[in-house]
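What follows is one structure encoded as structure tokens, with my remarks underneath.
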Amino acid sequence: MYARALTWWTILRISLEERLVYRGDFAMGTILRFLPIVTQIFLWGAVFGAINQSQGGEASIRGYSYHDFIAYYLLTMLSRAFSSMPGLASGTAAQIRSGEIKKYLIQPIDMIGFMLASRVAHKIAYYSVAAIPFAIVYFICRGYFPGWPDAPTMCAFVASLLMGFILGYFLEMCLGLIGFWFLEVSSLLFVYMLFSFFLSGHMFPLDMLPAPFDTIVELLPLRYLAYFPAAVFLGKITGTRLVIGLLVEVAWIIFFVVLSRVMLNRGLKRYSGYGG
């Protein structure tokens, strides 16, 4: 047990050191990533300004005020920073297609566990460098937030971020493992990214959708990648709905963990080892 833990700690440490060396662009990339929020501030400022002028009062859209919208977009950027896995699915499929995956067959290292450790290292390296830009932007925009939530809500928010990372990893790993059955999965990944952008809530709050689309989207795992943590922080999901939401997210994580293992085991049985 100690030897196994030491092995995974070594993998994590080396992955972290590599990323801290060659990813010095984290801070600048984070600042540039926040630039589109300026457009959102002006856009929704104009929309709510027109509504307020016509109604003669403080307007809201489906329970979201102007400040709620800006806070929501800022929070979804944080959520997506946890749950996004750039290059994971395409990289996994490329390793299968090129034959690079053979290294996991001749070395005593679990592929899914190794890549998970690498992604954990990636996120640690990212946030250790990008924490200051995040703090600066959120401090400048602090007036858009209703304030800090209470302790239970804050714990649920942090838990949803961490589970969003795990869910995002295993979901994209399953997409990458489709490469065992199809040599080219780029079109499939493009379709997934397109749906993910809208159905994760990165574009707009999902509770603005009319029935029955809101119920359908609520059952999908994509909502936990951006919308759910932001809605929890803003107090849009509370009480029983919050508990049920967290339990459903846990269920989706278990589903994709099991599915990734099944796909890997069956994929390796049919893998022919062609490539470099």
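In the range 51-75, the residues that are open to solvent by 80 Å² or more (accessible area, probe 1.4 Å) form Cβ pairs under 7 Å with partners that are among the aliphatic types (A, V, I, L, M), at six or more places apart or across chains, as follows: 62/208.
Within 20 Å of residue 82 (Cα to Cα) and in contact (Cβ under 8 Å) with a residue 60 or more places away in the chain: which single residue out of 257, 248 fits that description? Result: 257 is the single residue among 257, 248 that is within 20 Å of residue 82 (Cα to Cα) and in contact (Cβ under 8 Å) with a residue 60 or more places away in the chain.
If I filter the range 239-276 down to residues being among the polar types (S, T, N, Q) and surrounded by fewer than 15 Cβ atoms within 10 Å (Cβ to Cβ), which single residue comes out as nearest to residue 205 (Cα to Cα)? Filtering first and then ranking leaves 240. All of (1) small (Gly, Ala, Ser); (2) open to solvent by less than 60 Å² (accessible area, probe 1.4 Å); (3) modelled with pLDDT of 90 or more hold for residue 151 with one exception: (2).
Taking the residues in the range 76-92 that are touching a residue at least 24 places away in the same chain (Cβ under 8 Å) and over 10 Å from the mean Cα position of the chain (by Cα) as candidates, determine which candidate is most open to solvent (accessible area, probe 1.4 Å). Among them, the one singled out is 90.
Answer yes or no as to whether residue 235 is outside any helix (DSSP H, G or I), more than 30 Å from residue 105 (Cβ to Cβ) and touching a Pro at 6+ places or on another chain (Cβ under 7 Å).
Details: outside any helix (DSSP H, G or I): yes; more than 30 Å from residue 105 (Cβ to Cβ): yes; touching a Pro at 6+ places or on another chain (Cβ under 7 Å): yes.
It is true that residue 235 is outside any helix (DSSP H, G or I), more than 30 Å from residue 105 (Cβ to Cβ) and touching a Pro at 6+ places or on another chain (Cβ under 7 Å).
This table checks each residue for (1) crowded, with 19+ Cβ neighbours inside 10 Å; (2) touching a helix residue (DSSP H, G or I) at 6+ places or on another chain (Cβ under 8 Å); (3) of a type outside the set (Val, Ile, Thr); (4) not in a helix (DSSP H, G or I).
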residue: 97; (1), (2), (3), (4): no, yes, yes, no
residue: 105; (1), (2), (3), (4): no, yes, yes, no
residue: 115; (1), (2), (3), (4): yes, yes, yes, no
residue: 121; (1), (2), (3), (4): yes, yes, yes, no
residue: 131; (1), (2), (3), (4): no, no, yes, no
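Just one of the listed residues (201, 168) is in contact with a helix residue (DSSP H, G or I) (Cβ under 7 Å, 6 or more places away or on another chain) and either modelled with pLDDT of 95 or more or within 23 Å of residue 262 (Cα to Cα) (or both), namely 168.
Check whether at least one residue in the range 178-189 is under 27 Å from residue 101 (Cα atoms), among the hydrophobic types (A, V, I, L, M, F, W, C) and under 16 Å from the mean Cα position of the chain (by Cα), and report yes or no.
The initial filter retains those residues of the range 178-189 that are under 27 Å from residue 101 (Cα atoms), namely 178-189.
Going one step further and asking which of them are among the hydrophobic types (A, V, I, L, M, F, W, C), we end up with 178, 180-183, 185, 188-189.
Now drop any that are not under 16 Å from the mean Cα position of the chain (by Cα), which leaves 189.
The answer is yes; a qualifying residue exists.
Evaluated against (1) outside any helix (DSSP H, G or I); (2) closer than 24 Å to residue 121 by Cα, residue 58 falls short on exactly one condition, (2). So residue 209 fits all but one of (1) touching a residue at least 24 places away in the same chain (Cβ under 8 Å); (2) open to solvent by less than 50 Å² (accessible area, probe 1.4 Å); (3) over 27 Å from residue 15 (Cβ atoms); what number is the exception? Here residue 209 clears every test but (1).
Scanning the range 112-127 for residues that are among the aliphatic types (A, V, I, L, M) and out of contact with any Lys or Arg (no Cβ under 9 Å at 6 or more places or on another chain) returns 115, 116, 117, 120.
Matching residues to (1) on the phi < 0 side of the Ramachandran plot; (2) in contact with a Phe, Trp or Tyr (Cβ under 8 Å, 6 or more places away or on another chain); (3) of a type in the set (A, V, I, L, M, F, W, C); (4) in contact (Cβ under 8 Å) with a residue 24 or more places away in the chain:
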site	(1), (2), (3), (4)
117	yes, yes, yes, yes
128	yes, no, no, yes
158	yes, no, yes, no
162	yes, yes, yes, yes
168	yes, yes, no, yes
172	yes, no, no, yes
179	yes, no, no, yes
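Which members of the range 180-202 meet the condition of being open to solvent by less than 30 Å² (accessible area, probe 1.4 Å), outside any loop (DSSP other than H, G, I, E, B) and within 18 Å of residue 81 (Cα to Cα)?
Within the range 180-202, the first condition is being open to solvent by less than 30 Å² (accessible area, probe 1.4 Å), and the residues that meet it are 180, 185, 189, 196, 200-201.
With the extra rule that they be outside any loop (DSSP other than H, G, I, E, B), the set shrinks to 180, 189, 196.
Matches in the range 180-202: 196 only.
The values are calculated or read from the model by the stated rules, or taken from the named source; none is laboratory data. Since this is a predicted model, take the numbers as computed values, not measurements. Because the Cβ atoms are built from the backbone with ideal geometry, glycine has one as well, and the counts that use them run over all protein chains shown. Side chains are part of the model used for accessible areas, which takes the heavy atoms of the whole protein and leaves out ligands, DNA and RNA. Shrake-Rupley method; radii C 1.70, N 1.55, O 1.52, S 1.80 Å.
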